[in-house]
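Scroll down for the structure; my scribbles are underneath it.
Readers should treat all values here as calculations from the given coordinates under stated rules, not as data from a laboratory. Predicted model only: the values in this text are computed from it and were never measured. Backbone-built Cβ (ideal geometry, glycine too); neighbour counts: all protein chains shown.
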Amino acid sequence: MGEGAKAMLTKPIQLADLVAQQAGYQCLRTDCTELRSRAKKLAELLRQAARAELYERPAARVMADTERALHKAAGMAARCFQSHSRLRRFFTLNPVSGLPRTLALLDTALEDIAWLIRISSPQDDDDGDLRGLPNIAQNEPVLGMIWDNIARLHTGGLAARADAAATLASLANGNSHFAKYIIEEDGVAPLVKLLKEGTDEGQEAAVTALGLLCRDEDSVEKLLHSGVCSVFAAALKDPPMRVQAAVADAIASLARHSQKCQDLFAQSNAVRHLVTHLASGTIKEHSRYSVGVNGSRNTVTAAAAATTPLGNLHSVVLAESGSVRQGEPGSSTNGNQPPNPLETSTGQQRARANQMQSVVQSAMAATNTTTTTGVMPPGARPQLSSNGSSGRGSREAEDPATKAQLKAMAAKALWMLARGHVGVCKSITESRALLCFARLLQSGDGGAGTDLQLHSAMAIMEITRVAEHNLALRQSAFKPSATAAKAVVEQLLRIVRKGDDDGLLLPCVTALGCLSRTFTASETRVIGPLVELLDDREIPVMKEAVAALTKFACTENHLHVNHCKAIVDAGGARHLVQLVYLGDQLQIEALILLCYISLHVPENEELAQAGVLAVLLWASKQAHMVQDLRVEALLPEAKARLDLFQARASR
C-alpha cells in the first residue's frame, strides 16, 4: 500500500476510535450503544484495510464518505456525555431523528469498506463475476464495474486478468465516456503490465483495450506516460501473431491522434518490425531487409544459422557475405549492388575469409547440436527469426486468416505512422515496403482482401503526400528509374483504369497527383486515366481527379506545358467546361485547372472548340467564384492570354 492510501486511512481510524469512546458506557441514550457498536466495527474494518493493498481510486471516494459519516457520528456522540450538565443537555439540540440517519451512513461506510477490501485482496477462486456494487457507485453502475475489473487486473490470476481486460475492452468499444473512465481510474498501468507478462489471451485482450482507449490527444498522452510505445515495439517481435496484429492495430490508434507518438515509434524500431511482418510471404527476399534491434548483422546471422538446417546453410553464408561487403570501407550502401571488382585489398580479403570461416563453423556446430540432441542447450532461448516470430515453424503454424490480419494491421499502422512524418516515411521507403505495398495492391494477399489493399493504398498516399513537399524523399524513393517506384505507379494506374472501387480509387488518385513532379516528359500514360474520371463519376472521385490534374498543370510543375497538352488531348477541356457550369461543389477547382491550361497552352485549338473562353468570361461575372483568391490571381491573365491567341487564330 502506498503512502497515499495510508494517509487516507489515518483520519478515519482516529475518528472511529473517538466515536467509540464518546458513545461508551457513560452515554445516557440507549441508542448510543448501536452507535458505539458500529464505530468499533468500522475501526476494525479500517485497520484491516490498512493491512491490504488498496485500489486507491475507489478508496479515495470511500474514505471521503466514511470520514463525513464519522464526523456526524462524533458530533452526535459528543452531546451525550453524562458529564454534561442537565441544563446543557436540556437546551442542546440533539434530535432523535438524526440518529437513524447517522447509523445508516455508518452502515453504508461499512459496506463500502468491505467491498473495497474484497476487490483489493487476491482471490484464488475468482470466477470473474461482479463482486458487488458499492454504494458510492449506485448512480453509475458502470463505474463500479470498471473498478471491479481494474482491481482484478491487479490481484487476479492470469485467466481472471485476461477476462477483466476483455471486459474493459468491451466497455471502451464504441463509448468514449467509458474509455475516459478507465483512463481516469488508473486502468492503463495494469493493462500494460498484463501485456508484458500475461497469457496469449490476456495479452491480446490488454492490447485491444489499450487501443480502444485512444480517443483523443489527451488520452494518448496519458498512455504514452505509461510507456506503451516501448512495450508495443517489443511485443511486435514475439509471437503469437494474433497479439502482434492487435498491437499493430493499437499502434495505428495511437498514431492517429498524436504526432509525438509517431516520433516515439520511429525511435523504437517499430516501423522496421511492421515492415518485416508486411513483407513476410509477400516478397521472397524480405529477410535480407530486416534489421536487428542492436544493429549487429553477425548476431542476426548467427541466430539464423543456429536454427537453419544444413541444407539451407548456403543461404546463411550468402547473407553473411552480403553483410561483410556492406561493412567494408568504400562499399556501396545498397544491398542489391555487387561488390566493387576493383577492390583488391589483401587485408580486407583476409578479414572477410576469416569471418566467413567463423560463420560456417558456427553454423555447422549449431546444426550438429540440433541434429544430435534435438533440443536447445540449457538456458538458451529460441532466437527470433527475421519475420518477427520464434522460428519459421511458429509462423507456418498460424492459420491464413491470422497471417492476413497481421498484414492488414501492419499496413494500417504504417499508414498512420507515415502521416506527415518525414522520418517514418524515410524508414519505410528505405526498406522493401514500397514493393510490398505494390504487391499487395495487386493481389490483396488472399484472405486479407480489400482491407489490406485499402490500408496499403492509404499508406502509399501518405508517403507520397510527404514526398510531394520533401525533395530529398521524392528523389530517393520515387525516382523514375527505381524499381519500387515503377511498381507502385503501375499498380496505382491499374486501379485508376479499373475504377470500380471508389474507396480504393481515391487514395490512388491522390497519390498520383502527389507524384506529379516525378514523372518525365515521356511518361504520358498517367494523364489519360485521370481525365476519364471527370466523366460522370461520384463527386469525391471527380474532386480528387481535378486536384491531381491541377498538380500536373500548375506552374510549379516544371513539365506543366507537356501535361497541359496531354490533358487537352485526352478530352479534359470539354469535361472541365461542364464541371464549371454544372459542377456545384467542383466549380472553383475545375475553373482553376482551366485557368492553368489556358495560361500554358492557349494556342491549342481544342480550347476554342470546347468554349473555354466563354466559360472564363462567364466565371469572371460570378461573385462566388471571383472571391476565391486563387481564381482572382489566375483568371484575368488566363482570360487575356486565351483571348489573345484565339483572336490571332481568327485573323
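If the reach is capped at under 19 angstrom between alpha carbons, list the lysines near Lys40, excluding any in the same chain fewer than eight residues apart.
Lys11, Lys72
Cut-off under 19 Å on the C-alpha distance; same-chain residues fewer than 8 positions from Lys403 excluded. Which lysines are left, in chain and number order?
Lys237, Lys284, Lys412
Among Lys6, Lys486, Lys621, which comes first, second and so on when ranked by fewest other beta-carbon atoms within 10 Å?
Fewest to most other Cβ atoms nearby, the residues stand as Lys621, Lys6, Lys486.
If each residue of separation counts as 0.36 nm, what is the full-extension length gain between Asp628 and Asp107 once their alpha-carbon separation is subtracted?
180.5 nm
Rg and Dmax of region 411-494, using alpha carbons, in Å: what are they?
Considering region 411-494 through its Cα atoms, Rg and Dmax are 11.8, 37 Å.
Run the Debye formula on the Cα coordinates of region 562-642, all scatterers equal and no solvent, and tell me log10 I(q)/I(0) at q = 0.15, 0.24, 0.27 1/Å.
The computed values of log10 I(q)/I(0) come out as -0.43, -1.14, -1.44.
Express in nm, to one decimal, how much length is gained between Asn175 and Ser121 on full extension, taking 0.36 nm for each residue of separation and deducting their alpha carbon distance.
Result for the pair: 16.5 nm of gain on full extension.
Order these by the 10 Å Cβ neighbour count, fewest first: Asp148, Asp628.
Asp628, Asp148
Using the basic label-point model (7 angstrom from Cα toward the beta carbon), what is the Leu130 to Ala472 distance in nanometres?
Once both label points are built, they end up 5.7 nm from each other.
Taking a spot 7 Å from the Cα of Asp218 along the direction of its beta carbon, which residues of region 173-203 have an amide N less than 17 Å from it?
175-188
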